[in-house]
Structures are given as structure tokens and as C-alpha cells.
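Colleague: Take a look at the following structure, please.
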């Protein structure tokens, strides 16, 4: 497995460049999917993380080429800088598919928790600014509702995340906290048609479950192709919220790879 940070030049208009970590598995495909991965951290982790992400490693082992963009340290995890940073990375990869994969490689943006929010926002902006370039989005328990009032969110205290997520939203939105900008809080977007097909994953015991399920339902209602997976309770899914403790995955990891493989097949059909 290769996992190193490097700077990807975006040209004069985008400074500074966004460092990326490249994950390549042992089963790389002839025409691999190209995945821009955005890690979580509740919008509070602003330093570059040295540890590899188990989700990114697992997706790479399916045959995809995964590039983790260090959007946090470049943007200080504030809106709109974080989303713009990730979008610039996606735009760069769109024009450089052959460098990392093939000219026919699918381009997918993926993220977990806060990274899932940014990924969903990037997918919306890609629809508006670079239509037809993004092939799919993978949202893993996306943190997309700043109101934090869903029924499942009542479980946030059980895993010690309520205050962290509240602090994270305040940090990310800042002066935008009372706004309803769809790129900042995708669940508030009133126009979802035309956005890239989505794979949305959560679990029954996940406090962010309802946010993900409801967003998937709205996407589907807008005519977007959606593949959805809700893992049973007790699979260790909420370990993805622990910056150190969740790096080895859990029983859900192989299931996630199966869902991703199915999603890529659907996109290729």
C-alpha cells in the first residue's frame, strides 16, 4: 500500500496547493475508479493527520485509486474555504484522470462524517460548475444537518459526540451559521436534481443515521440514482468518529467494500 503526501499544483489561481495522500491497493484495476476522499473530524481537526484512514485503504483494496485531500489544514475547516479547497482538488483530478488512472476512469468524491458534508457540497457544486464530470458521490454518515434535531441524534450523547458535533458546526459555519447555503448544509438544498449518483451508508445505531437516510430519500425523490446501506447495530460503524480508535474498521468494512463495488458496477453499466 502506498500512502504518501504530495502537493498537486492547481495553477496560478489556486494557492496554496492541496496536499494529497495516495492509496493504491494490490488489486488495482486496468481502468480504476478515481476517488477523492475527504476524512471526517467534526470540522475540528485542522492539522494534517499522519494516520492512514481505514476506509480509504479498504476502497483502494477494491481496485480503486484513492486520493485523500488535506482540505482541513489548508482551509482551517471553515466554510466556504473547506468546500472550495475540496472542489479545486476535484476539478484538478477531473482534468488529470490519466495521470492516476485512465481517461475512462470514473471520478467519485467520498467522505465520512464532516468529510461527507464537504463531499455532498462538492457534488452539488460540481453539478452547477462542471456538469457531467463527477460520476458519483459516496457519503458515509454525512454530517449535513446543523440543526441536529433528528430522532437518531438523541444517541449522540451515548457515544460522546453531541458537544463535539455542536462545536464543529459552530466552527465550520461561523458567520454563516444562520444561513441556509446548500453547499454548507446539503440537507437544506431545495434543488437536488442532476447531482451525481450517490452511495449513502450509515448504521442503525448511528446518531447521524436519520440525516443520511433522509438525504438519500430526497436525492432519490429528485430522480438521482441512489444506493443505500444501513448496517445493523453492533457492527462497530460509529468507530469512524474516533480519530484514533476507529482506524482498524470493524465487521462493517467488508460490507462497505461490497457496496462500493456494487456502486461502481452500477455507474459503469
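The values are calculated or read from the model by the stated rules, or taken from the named source; none is laboratory data. These numbers come from a predicted model, not from an experiment. Ideal geometry is used to build each Cβ from the backbone, glycine not excepted, and the neighbour counts take in all protein chains shown.
Colleague: Which of the following residues is over 17 Å from residue 261 (Cα atoms) and crowded, with 19+ Cβ neighbours inside 10 Å: 55, 118, 66?
Modeller: Going through 55, 118, 66 in turn, just one is over 17 Å from residue 261 (Cα atoms) and crowded, with 19+ Cβ neighbours inside 10 Å: 118.
Colleague: A further question on this structure: Condition check: surrounded by fewer than 22 Cβ atoms within 10 Å (Cβ to Cβ), touching a residue at least 40 places away in the same chain (Cβ under 8 Å), within 28 Å of residue 261 (Cα to Cα) and in contact with a helix residue (DSSP H, G or I) (Cβ under 7 Å, 6 or more places away or on another chain). Does residue 206 satisfy that? Even if it seems obvious, please write down each step before you answer.
Modeller: Numbers: surrounded by fewer than 22 Cβ atoms within 10 Å (Cβ to Cβ): no; touching a residue at least 40 places away in the same chain (Cβ under 8 Å): yes; within 28 Å of residue 261 (Cα to Cα): yes; in contact with a helix residue (DSSP H, G or I) (Cβ under 7 Å, 6 or more places away or on another chain): yes.
No; evaluated as a whole, the condition is false for this residue.
Colleague: Against the conditions (1) crowded, with 21+ Cβ neighbours inside 10 Å; (2) within 26 Å of residue 227 (Cα to Cα), where does residue 154 fall short? Just the number, please.
Modeller: If we test residue 154 against (1) crowded, with 21+ Cβ neighbours inside 10 Å; (2) within 26 Å of residue 227 (Cα to Cα), just (1) comes out false.
Colleague: What are the pairs, 6+ residues apart or on separate chains, where a residue within the stretch 172-188 that is at positive phi has its Cβ under 7 Å from a residue that is at pLDDT 85 or above?
Modeller: Matching pairs, first to second residue: 174/78.
Colleague: Right, next: Within the group 227, 191, which residue is more than 18 Å from the chain's Cα centre (by Cα) and outside any helix (DSSP H, G or I)? It would help to see each step written out before you state the result.
Modeller: Working: 227 fails: more than 18 Å from the chain's Cα centre (by Cα).
Only one candidate passes the filter, namely 191.
Colleague: Would it be correct to say that residue 92 is assigned to a helix (DSSP H, G or I) and crowded, with 22+ Cβ neighbours inside 10 Å?
Modeller: Numbers: assigned to a helix (DSSP H, G or I): yes; crowded, with 22+ Cβ neighbours inside 10 Å: no.
For residue 92, the condition - assigned to a helix (DSSP H, G or I) and crowded, with 22+ Cβ neighbours inside 10 Å - is not met.
Residues checked against (1) more than 22 Å from residue 107 (Cα to Cα); (2) modelled with pLDDT under 95; (3) surrounded by fewer than 20 Cβ atoms within 10 Å (Cβ to Cβ):
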residue: 175; (1), (2), (3): yes, yes, yes
residue: 185; (1), (2), (3): yes, yes, no
residue: 193; (1), (2), (3): no, no, yes
residue: 201; (1), (2), (3): no, no, no
residue: 212; (1), (2), (3): no, no, no
residue: 225; (1), (2), (3): no, no, yes
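Colleague: Answer yes if at least one residue in the stretch 157-165 is at pLDDT 95 or above, buried (at least 24 other Cβ atoms within 10 Å of the Cβ) and assigned to a helix (DSSP H, G or I), and no otherwise.
Modeller: no
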